[in-house]
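The values are calculated or read from the model by the stated rules, or taken from the named source; none is laboratory data. Quantities reported herein were computed from a predicted structural model and do not represent experimental measurements. Positions of Cβ are backbone-derived with ideal geometry, glycine not excepted, and every protein chain shown enters the neighbour counts. Just so you know, the surface numbers come from the protein's heavy atoms only, side chains and all, with ligands and any DNA or RNA stripped out. Shrake-Rupley method; radii C 1.70, N 1.55, O 1.52, S 1.80 Å.
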Amino acid sequence: MPFSFHFGPGFGGFQQSGAGPDFSQFQQERPRKARKARKPIGNAFTRTLLNIGVTLVFALVYFYLELPALNFHDEDFYLFVFLCCAVYCICAVITSGFQGEGVKGYLSFVRKQCTVPFAAVVVLFAVILVGTAASWVVLRANSYSKLLTVEPGDFAAEVEEISFHQIPMLDRSSAARLGARKLGELADMVSQFEVMDNYTQINYQGRPVRVTSLGYADIIKWFTNRSNGLPAYLIVDMVTQDVEVVRLEEGMKYTTAEHFNRNLYRHIRFRYPTYMFANPVFEIDEEGTPYWICPRVVRTIGLFGGTDIRGAVLVNAVTGESEYYEEVPAWVDQVYVADLIMQQYDYYGLYKNGFFNSILGQRDVTQTTDGYNYIAIGDDVYMYTGVTSVTSDQSNIGFLLSNQRTKETKFYSVAGATEESAQRSAEGQVQQMRYEATFPLLLNIADQPTYFMALKDAAGLVKMYAMVNVEQYQIVSTGTTVAACETNYRQALAENGLIEEEQAEIIEPSRDTVSGTIEEIRTAVMNGDSHYFLRLKGDQHYYVISAADAADAVILNVGDRVEIGYDTETSGTLITAYSVEIIRATVAAAEAPAAPEAATPEAESAA
């Protein structure tokens, strides 16, 4: 006999069909419990004041925690306003004692009793729709293509060739490893602080370095050390790999590691409530004063499109003093974000011949490759990335160099291998070692565009270096040192007829000597070697030399007259020296009594 299930009233929720008594006549509907009426709070005026007060408290708390820019170009601003309107409406429903029936009833109440916030939401929605349409790349492709001005460049003429001892061989991860190791050597800091992962690449006193701030190890360490601030920052030399801990007379009290009002994000938001900012960058000026560079973000197409940078706010990390610069000082190196430059070039490469050409014909459509690096040219830092056709990602048609301070950008037409292809080619040279290549650095070696990269083992330690010719990436050379790598590479270029035999000789750094009397001696142990910092009378430079290169440095004293050999290509306060010779020792050392001679057998017998 068939059964049908009935999920209405009945015995057990089902009954047998076609037979049995019908008990539905005995069923009675349970009466609904009457809803308890809510009484409104006060009169209409007091309810309005209460609603406004609660909304203001919410707005202040939300603004303090989330820090939205009060700017119509910022998407977070609209979320902030919508949430404030929602809080006001919810308060109005609660304080009025309204007994709504369903969503339609509550919406009707809000429309009548919360006219201002309801109208604000409607208007802002309309603004968002119009602003988004005005920013739509389909309609504004021409404007997007003009965000970045790209000029042609001559690589050999504009990118100077540097000698091997000036090549920055340290990538970000290696710098972080050295920084962590250095902090571990400082007994007074290692338990209280940690190294932040900024490691900004800048030119400091003519040298490519990475700088980063310390941070508090945890919230407890922040609470116990906040009164003095962060005591130091680190400078990692990208050429010599030396790590210097710069201790400050007064600690840094305004950083991204701080909490509450001294937190950097909150500090600049309260002073510039309408500005939108990119991520702050840690830098130091030529005197070593720590600053935070906070690039100001603007939207130049419609309401939300055409993201660009217009100046920056510079914040003194010690005092918190800040100032906005439309044109930043020359010592600042990082203003424009590398990802933003690459995005703007992609707009230029995709839409310079119109939006539909980027999809259909794709005539002259180009894009940047994955990844970028930085190189130092003059006193500025440039972002480098490759450029390839959208129809082929196996080779580059050229590359970009963009000044990170001014956004001056040039395209160099050099067809060749992509960075990834160069990495695989370098790894293939030492495939039995299973080394991994870092992202390449672009160098000028004998007027040849050259990829330079480090080869790391599984533990992340640099074991070798490699150079790959950009145009002919089958030309690959490696070496255990940068000098050996460049020597092998130049010889490979000569063998392939790309340079003359006389160009195959490695460029030695120009050298000179200076004489004077030592006025100050400082020492430091770096990478296991003792280094001596010698300052002569009337000279503000420190000549840095390792005891391994000059054993006489160990016995030097203040007042000694010496002759120091140094590299003239080194600039800044610290000058790399390669030799030191004592011309005349101090008078005290010269007049010191001679050590007594050992007694001879004849003298002993006479006695």
Legend entry - Cβ pairs under 9 Å, 6+ apart, first in the range 49-76 and over 19 Å from F125 (Cβ atoms) and among the charged types (D, E, K, R), second modelled with pLDDT of 95 or more and open to solvent by less than 60 Å² (accessible area, probe 1.4 Å): E66/F80
Legend entry - Residue, farthest from T132 (Cα to Cα), within the range 298-319, restricted to residues that are touching a strand residue (DSSP E or B) at 6+ places or on another chain (Cβ under 6 Å) and hydrophobic (A, V, I, L, M, F, W, C): V318
Legend entry - Selection status of Y78, open to solvent by less than 80 Å² (accessible area, probe 1.4 Å), farther than 17 Å from G53 by Cβ and aromatic (F, W, Y): yes
Inset, instruction - Kindly provide the set of residues from the range 173-203 that are in a strand (DSSP E or B) and surrounded by fewer than 21 Cβ atoms within 10 Å (Cβ to Cβ), ordered by number. - result: E194, T200, N203
Legend entry - All positions within the range 330-339 that are buried (at least 20 other Cβ atoms within 10 Å of the Cβ) and either in a helix (DSSP H, G or I) or among the β-branched types (V, I, T) (or both): V332, V335
Inset, instruction - Assess whether T307 counts as being of a type outside the set (A, V, I, L, M, F, W, C) and exposed (fewer than 15 other Cβ atoms within 10 Å of the Cβ). - result: no
Inset, instruction - Return a yes/no flag: does the range 465-487 have any residue that is of a type in the set (S, T, Y), farther than 22 Å from A376 by Cβ and part of a strand (DSSP E or B). - result: yes
Inset, instruction - Please go through the range 191-229 and pick out each residue that is in contact (Cβ under 8 Å) with a residue 60 or more places away in the chain and aliphatic (A, V, I, L, M). - result: M196, I202, V211
Legend entry - When residues of the range 341-365 are limited to those that are aliphatic (A, V, I, L, M) and under 12 Å from L148 (Cα atoms), the one most open to solvent (accessible area, probe 1.4 Å): M342
Inset, instruction - Take the residues in the range 149-164 that are assigned to a helix (DSSP H, G or I) and buried (at least 17 other Cβ atoms within 10 Å of the Cβ), then tell me which one is modelled with the highest pLDDT. - result: F155
Legend entry - Single residue of the range 442-476 satisfying the filter (open to solvent by 10 Å² or more (accessible area, probe 1.4 Å) and more than 27 Å from the chain's Cα centre (by Cα)) that is farthest from V159 (Cα to Cα): Q474
Inset, instruction - For E327, indicate whether it is assigned to a loop (DSSP other than H, G, I, E, B) and without any contact (Cβ under 8 Å) to a residue 24 or more places away in the chain. - result: yes
Legend entry - Identity of the residue in the range 501-524, closer than 24 Å to Q166 by Cβ, of a type in the set (A, V, I, L, M, F, W, C) and in a strand (DSSP E or B), that ends up modelled with the lowest pLDDT: A524
Inset, instruction - Quickly run through the range 220-261 and pick out the residues that are over 27 Å from A278 (Cβ atoms) and part of a helix (DSSP H, G or I). - result: I220, K221, F223, T224, N225
Inset, instruction - Within the range 421-441, track down each residue that is within 22 Å of V387 (Cα to Cα), open to solvent by 40 Å² or more (accessible area, probe 1.4 Å) and touching a residue at least 24 places away in the same chain (Cβ under 8 Å). - result: F439
Legend entry - L170, sole failed condition from (1) open to solvent by less than 20 Å² (accessible area, probe 1.4 Å); (2) assigned to a loop (DSSP other than H, G, I, E, B); (3) under 27 Å from E286 (Cβ atoms); (4) modelled with pLDDT of 90 or more: (4)
Inset, instruction - Those residues that are open to solvent by 20 Å² or more (accessible area, probe 1.4 Å) and under 26 Å from N203 (Cβ atoms), I need them from the range 398-413; list them, please. - result: R405, T406, K407, E408, K410, F411
Legend entry - Hits in the range 110-142 (condition: part of a helix (DSSP H, G or I), without any contact (Cβ under 8 Å) to a residue 60 or more places away in the chain and crowded, with 16+ Cβ neighbours inside 10 Å): V110, Q113, P117, F118, A120, V121, L124
Inset, instruction - Would you check which residues across the range 370-397 are assigned to a loop (DSSP other than H, G, I, E, B) and either buried (at least 18 other Cβ atoms within 10 Å of the Cβ) or of a type outside the set (S, T, N, Q) (or both) and list them? - result: D370, G371, Y372, G378, D379, V390, D393, I397
Inset, instruction - Please go through the range 209-225 and pick out each residue that is closer than 15 Å to Y254 by Cα and open to solvent by 80 Å² or more (accessible area, probe 1.4 Å). - result: F223
Inset, instruction - Select from the range 81-103 the residues that are of a type in the set (S, T, N, Q) and surrounded by 15 or more Cβ atoms within 10 Å (Cβ to Cβ) and write down the one among them that is farthest from Y62 (Cα to Cα). - result: S96
Inset, instruction - Select from the range 268-294 the residues that are closer than 19 Å to D380 by Cβ and either touching a Gly at 6+ places or on another chain (Cβ under 8 Å) or among the hydroxyl-bearing types (S, T, Y) (or both) and list them in ascending order. - result: Y291
Inset, instruction - Quick one: K146 ticks every box in (1) within 25 Å of the chain's Cα centre (by Cα); (2) open to solvent by 70 Å² or more (accessible area, probe 1.4 Å); (3) of a type in the set (K, R) except a single one, so which number is it? - result: (1)
Inset, instruction - Would you please list the contacts, defined by Cβ atoms under 8 Å and residues six or more apart or on different chains, that run from a residue in the range 542-566 that is touching a residue at least 12 places away in the same chain (Cβ under 8 Å) to a residue that is of a type outside the set (A, V, I, L, M, F, W, C) and part of a loop (DSSP other than H, G, I, E, B)? - result: Y542/T573; N557/T586; V558/T586; G559/T586; D560/T586
